[in-house]
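Here is the structure we will look at.
The values are calculated or read from the model by the stated rules, or taken from the named source; none is laboratory data. Computed from a predicted model, the values in this text were never measured in an experiment. Every residue, glycine as well, gets a Cβ built from its backbone with ideal geometry; the counts of neighbours run over all protein chains shown.
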Amino acid sequence: MPDLQLDVAIVGGGPAGLACAYALTRAFKDIKVQVFERAKSYRECGAGISLDINGLKSLQAIDPILCEDFQRSVCTIQAGGRMTDKQGNDQGRTQAQGMRTNAQRYMDDYGIKTGLIGWYEIIQKLYSALPDGTVQFDHAFSSFSQDADSVCLQFPNHPDVHTRFLIAADGYFSPIRQEVLADGPPQFAETVMWRARFPWREDLGMPQGPGQVRGFRGEQAMGLMYSMPDDVVVWALSVQAERCSEAGVEYDAAEQSKSRSRRESSSVQNTSEGQGRHAAERCMQVVRHCLPQLESIVQGTDASAIVEHGLFIRPGEAVAAQQESGWGKGRVTLIGDAAHPMRPTGQGLNTSFEDVAVLASHLQDGGLTEQSLRSFEKERIPRVSAIAIQEQARGLTSYGLSEAAKVMSDSEYEQFKSTWQPRPLRPQQALAAVPAVASAGFQDL
């Protein structure tokens, strides 16, 4: 057996991968864990994300101090955000206004502040909380092999890495998933998205300051624009592929699925298929056809800030069907989008944090064993599948499409999310039976 360099290797340096590394360092004293990320560095990009009560409870279970730091950075949705149609007519409150109501209830019931936070800010907080050298950039995962005692990771331009366990947090086109489960790519949700992050400017039609929201609705198309702290503004557009085609913009989901399945090993920009001028031109073409009320805003956005991507999911019913087979095999398991990609309603991030809290708890209780990985999967799959089904229905309704089946009423779902309580991690405990870390063949990058 080769010398083991790590106790746990994590592929994918997005929020799930970074949070997992942090949780393991909290759970075990002197654990050897590293995150391998394809990107060469983190860059300022990404939209704003709803950090919900279940995500914050998960962070609280991992580390109450980290949870408090996140709460200081979330911004509460301000009253008054409205949705307008193609003619500029008022269509009522944006869906984001419901977040304001829930945020007050969560503060009253749990003393936890929920709200919007930037993807980039999430990455900054988690990365800075980790020991130096935990994240290894420019590591494009190639393949892995495992035996009864270890896992060997291969990287095209770096030495192999030998680890006791492997956690895949490498996005919804996870190549590790395909090696483990061989269940094919995720399903294209017939939706194309564009997003941008940029400094606030006066022509946006909303007041300066965090928590401001504007909504835009078209036929099977919608957009949201909201302001974050530090005068940062993000907008995100979601348009059904059929409407894009009518505007002369085609999206080849099969080709994207094939090409991204070959190359993906990153959660940093794992949703970015096009960026810059080409993405901006396609976005403007669709906006003129579907959401003309957004034309001046998109036109005034720096083209380099605009990113295009398709929406891919694994339906909740498909996730539920994995209850017996699980998400992993042997010394490998999946978390976050690699395990359960879902519609971008915020629960992708929040259920990823749930994954991390539950996985760390199972490993702390049962040790670094295959049995702990399987018990983690069995606990997670029923809950995640129920959330995915609810979010599918919510996403389809937002486009004015026929309402999909739900497993719970809206009030039952809020209870399901908010009353969930993960087991808190105990103070660092010694890691039992950990082989000594070997320096031979292991490059300190």
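Brief remarks on what is shown
- Which numbered condition ALA357 misses (of (1) in a helix (DSSP H, G or I); (2) at pLDDT below 95): (2)
- Within the stretch 224-268, the residues that satisfy the criterion of being in contact with a strand residue (DSSP E or B) (Cβ under 8 Å, 6 or more places away or on another chain), farther than 20 Å from GLY209 by Cβ and modelled with pLDDT of 90 or more are LEU237, SER238, VAL239, GLN240, ALA241, GLU242, ARG243, CYS244, VAL249, TYR251.
- Output for the stretch 183-209, where each listed residue is over 22 Å from the mean Cα position of the chain (by Cα) and either under 15 Å from GLN293 (Cβ atoms) or not in a strand (DSSP E or B) (or both): TRP200, ARG201, GLU202, ASP203, LEU204, GLY205, MET206, PRO207, GLN208, GLY209
- When the stretch 1-50 is filtered for residues that are among the charged types (D, E, K, R), over 25 Å from SER145 (Cα atoms) and not in a loop (DSSP other than H, G, I, E, B), the ones remaining, listed by number, are ARG26, LYS29.
- Selection of the stretch 181-194 for residues being under 22 Å from ALA279 (Cβ atoms) and either in contact with a helix residue (DSSP H, G or I) (Cβ under 9 Å, 6 or more places away or on another chain) or among the polar types (S, T, N, Q) (or both) yields PRO185, PRO186, PHE188, ALA189, GLU190, THR191, VAL192, TRP194.
- The stretch 69-83, subset in contact with a Gly (Cβ under 6 Å, 6 or more places away or on another chain) and either assigned to a loop (DSSP other than H, G, I, E, B) or at pLDDT below 80 (or both), residue farthest from GLY205 (Cα to Cα): VAL74
- Scanning the stretch 28-68 for residues that are among the small types (Gly, Ala, Ser) and at pLDDT 95 or above turns up GLY55, SER58, ALA61.
- Qualifying residue in the stretch 319-335 (condition: surrounded by fewer than 23 Cβ atoms within 10 Å (Cβ to Cβ), modelled with pLDDT under 95 and not in a loop (DSSP other than H, G, I, E, B)): yes
- Count of residues meeting criterion [in contact with a Lys or Arg (Cβ under 6 Å, 6 or more places away or on another chain) and in a strand (DSSP E or B)] in the stretch 210-238: 5
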